[in-house]
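K.L.:
Mind having a look at this structure? Questions to follow.
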Amino acid sequence: DKERGGYNLWLWDVARGEGEKVLPHVYQAALSPDGSRVAFLRQEERPGWVPARVKPEVSPEDWPPALTAGMLNLETGKTILYGAAGYRANEGPRYWQGGQPVWSPDGELVVYWGEEGDVWVVSADGQWRQRLTQGMEIIQVLWSPDGGKLVLRSFDHAWIIERPVH
């Protein structure tokens with residue numbers, strides 16, 4: 001749902017044809033594996049931050065909005081904010097776009113792009129957070145089916161790392 005330049009997150013009952021707006025200004029969202037929570041990127045009122053290697057090509061008026069990563073528990077309605085989020089590099093012509101959060105298969109961890117384009121992992125409850133990359137143009141994050149490994153892919157490389165321990 002687009003409203004005043006921002007998007008909203010809706011919970012929709014297809015059978016009844018009814019929906020309920022559950023969170024305003026959500027730019028990206030990902031449902032947890034069990035369907036009880038949603039990791040999201042929320043648009044903020046302040047200007048976004050564009051990585052230094054893009055700044056000369058993008059005027060401040062064209063910068064994307066700032067983002068905050070968080071999680072909404074659909075059962076309780078409780079929201080947890082993880083911190084400032086940002087944009088990931090995109091394949092093809094180099095530009096930046098909002099990177100959808102990625103849940104671990106067990107729903108315990110969420111991976112997202114931070115404000116400077118770095119990749120972060122956070123516990124779903126928000127009690128633990130760790131930076132996984134710094135200064136790398138990561139375009140894709142994938143979990144192994146068992147959740148024991150994480151793949152970070154750039155334009156021309158892929159790294160397979162063990163599951164971060166918290």
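The values are calculated or read from the model by the stated rules, or taken from the named source; none is laboratory data. From a predicted model like this one, the values you see are computed outputs, not experimental measurements. When the accessible area is computed, the model is the full protein with side chains, heavy atoms only, and any ligands, DNA or RNA have been set aside. Shrake-Rupley method; radii C 1.70, N 1.55, O 1.52, S 1.80 Å.
K.L.:
Note down the accessible area of Val22, probe 1.4 Å, to the nearest 10 Å².
P.N.:
Accessible surface of Val22 is approximately 50 Å².
K.L.:
How much length, in nm to one decimal, is gained on full extension between Val151 and Ala15, taken as 0.36 nm per residue of separation minus their Cα-Cα distance? Don't skip to the answer; put the middle values down first.
P.N.:
Numbers: separation 136, 0.36 × 136 = 48.96 nm, distance 3.73 nm.
Result: 45.2 nm gained on full extension.
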